[in-house]
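The next block holds one structure in the form of structure tokens; read it before the comments.
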């Protein structure tokens with residue numbers, strides 16, 4: 001496993017065309033979903049994915065000879081691009097405001113209903129993420145959702161493993177606090193945190 | 001989760017598990033197969049192109065994003081590169097035109113006054129290796145939950161690089177103490193050059209100062225947005241260029257050009273993000289019921305800020321709901337990203353007159 005991963009690394013580093021085709025087949029979906037979770041927007045996620053592989057191609061010479069899977073490298077690139085996209089959100093609100101609103105009552109096919117719930121949950125997650133600092137969001141998405149371990153997360157972000165731990169720990173405290181806020185009776189902030197409530201509750205059960 | 005992949009030492013997963021419980025991963029999505037193949041083709045084409053002609057700069061291959069741009073702060077609502085002079089939703093003639101319209105005389109007169117005052121300002125020197133500094137207060141509504149939730153007013157500082165060539169790092173931004181790099185616009189794999197999407201001071205000075213020519217340029221180059229009428233898109237494009245340090249002649253020409261866009265009206269009650277009242281100029285996006293207002297100082301006619309709000313009920317908020325607002329606080333030319341204007345040359349303070 002490790003040997004073949006290092007073989008891919010070597011070929012990617014050399015700029016081997018087929019190695020990139022393989023890299024794309026293997027990881028495009030993971031990169032797409034990482035971008036989607038961080039931005040909550042499908043077309044942005046598609047751009048992030050496409051752009052990530054182009055950047056990977058451009059910077060292939062910087063890949064180290066050894067170090068296992070290249071997924072952390074790709075997700076690291078994608079994280080930067082997602083950050084960029086997210087900071088454009090201020091303007092994007094005006095774009096979103098002009099999108100046709102999805103009609104929930106349309107089309108009751110069970111599969112579609114599931115996807116609508118998925119989409120709703122994805123939006124709720126965005127609201128919860130927005131209560132975290134960028135560094136916490138990124139560590140969370142890589143380490144909890146994309147399944148990188150601490151070392152790989154550190155590698156993806158170019159930070160120390162200890163920093164991954166402390167950011168994750170802060171993210172946990174904040175999310176626990178959000179969940180606790182939600183359990184309190186509605187206050188003036190009720191509107192602000194309702195999305196976090198959806199995120200904090202065991203929505204998973206409803207979705208499946 | 002998959003520690004076996006790296007053989008890393010055992011880790012305490014308390015935080016990880018707890019976060020996974022509090023905020024489970026959203027379900028996986030996938031692109032339609034055709035899209036995946038198209039993206040893969042782009043990548044392979046790009047690779048082949050580079051390998052055949054390694055010395056030539058790679059062409060921009062990505063389709064421009066069909067969404068607002070990925071770069072904050074350049075503010076341009078870049079969408080697709082296609083140029084369409086499509087008709088506006090309503091309006092006497094049915095089609096948009098940028099000829100003078102007689103129904104917006106008051107706005108034209110007001111913009112002319114603003115323009116005159118602007119033209120008399122001094123033109124600072126800005127070197128390519130310097131940065132334009134902007135400090136502003138801004139807030140925006142978050143629509144991602146399906147309901148508009150107005151965020152708090154944040155303090156934002158921006159340093160925009162002035163190098164004309166394509167840059168992968170466009171500058172730096174600090175928002176409520178958090179500093180981040182501004183990367184190239186999404187899709188600009190080889191960097192973003194100065195232009196509508198990254199308006200540097202020199203690029204702005206290179207624009208035509210004849211209002212008609214400038215307006216023709218903007219109609220031809222403002223990225224098309226299917227969701228927006230052409231006149232509205234151009235109006236917002238001008239708005240996206242305001243708010244930073246700008247060559248006085250360019251600013252004056254932009255105001256005169258704006259006065260020629262049909263549907264531009266005075267907005268007497270306009271206030272910026274921090275409540276400063278001033279001379280307002282507005283335009284309605286009638287299709288979506290969104291009004292954009294620019295606010296200028298009553299005495300010296302400087303640009304104070306802008307505001308966007310709903311003029312009719314939408315599924316995510318009621319009429320009157322604020323979507324975004326900004327207030328310009330300070331502009332300056334500084335030598336380094338991150339440098340506060342304080343002792344820097346060319347500082348121009350706003351909001352203190």
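Any read-out appearing in this document is the output of simple, stated calculations on the displayed coordinates, not a laboratory observation. No experiment lies behind these values; they were computed from the predicted model shown. With ideal geometry, Cβ positions are generated from the backbone for all residues, glycine too; neighbour counts draw on all protein chains shown.
Here region A:126-150 is scanned for amide nitrogen atoms under 18 Å from the site 7 Å beyond the Cα of residue A:166 along Cα-to-Cβ, giving A:133-140, A:150.
Two decimals is fine: what is log10 I(q)/I(0) at q = 0.18 Å⁻¹ for region B:104-349, from a Debye sum with one equal scatterer on every Cα and no solvent? At q = 0.18 Å⁻¹ the computed log10 ratios are -1.66.
Which order, highest average first, do B:231-240, A:7-16, A:148-157 follow once you tally other Cβ atoms within 10 Å for each residue and take the mean per peptide? Write out the running numbers ahead of the final one.
Details: B:231-240: 23.3, A:7-16: 16.1, A:148-157: 24.8.
Listed from highest to lowest mean packing, they are A:148-157, B:231-240, A:7-16.
Evaluate region A:116-173: find the radius of gyration of its Cα atoms, find its Kirkwood radius, and give the ratio Rg to Rh.
That ratio is 1.03, to two decimals.
With a Förster radius of 45 Å applied to the beta-carbon distance between residue B:49 and residue B:179, the computed FRET efficiency rounds to 0.80. Scaled against 2.2 N^0.38 Å for its residue count N, the alpha carbon radius of gyration of region A:1-44 is 1.43. Using R0 = 25 Å, the C-beta based FRET efficiency linking residue B:322 and residue A:159 works out to 0.10. Taking all C-alpha pairs of region B:108-195, those more than 16 Å from each other amount to 70 percent. Taken residue by residue and averaged, Cβ atoms of other chains lying within 10 Å of the Cβ of A:171-180 number 3. Counting, for every residue in A:29-41, the Cβ atoms of other protein chains within 10 Å of its Cβ and taking the mean gives 3. Tell me whether region B:280-335 comes out rounded, prolate or oblate; compute the Cα gyration tensor, take square roots of the eigenvalues as a ≥ b ≥ c, and use a/c under 1.5 as the rounded threshold. Verdict is prolate for region B:280-335.
Label separation (residue B:312 vs residue B:276): 3.4 nm, computed from points 7 Å beyond Cα along the C-beta direction. The label-point distance for residue B:29 and residue A:115, in a model that sets each label 7 Å from Cα toward Cβ, rounds to 1.0 nm. Just to be sure I understand the model, the point goes 7 Å from the Cα along the line to the Cβ. What's the resulting residue B:206 to residue A:173 distance in nm? Going from the residue B:206 label point to the residue A:173 one covers 5.0 nm. Put simply, the C-alpha atoms of region B:182-325 give a gyration tensor, and the ellipsoid matching it has half-axes of 24, 20, 15 Å, longest first. With the convex hull of its Cα atoms as the shape, region B:113-160 has an orientation-averaged projected area of 6.1 nm². The mean number of Cβ atoms from other chains found within 10 Å of a Cβ in peptide A:145-153 is 6, as a whole number. For the peptides A:50-59, A:161-170, the ranking by packing is A:50-59, A:161-170, with the highest mean count of neighbouring Cβ atoms within 10 Å listed first.
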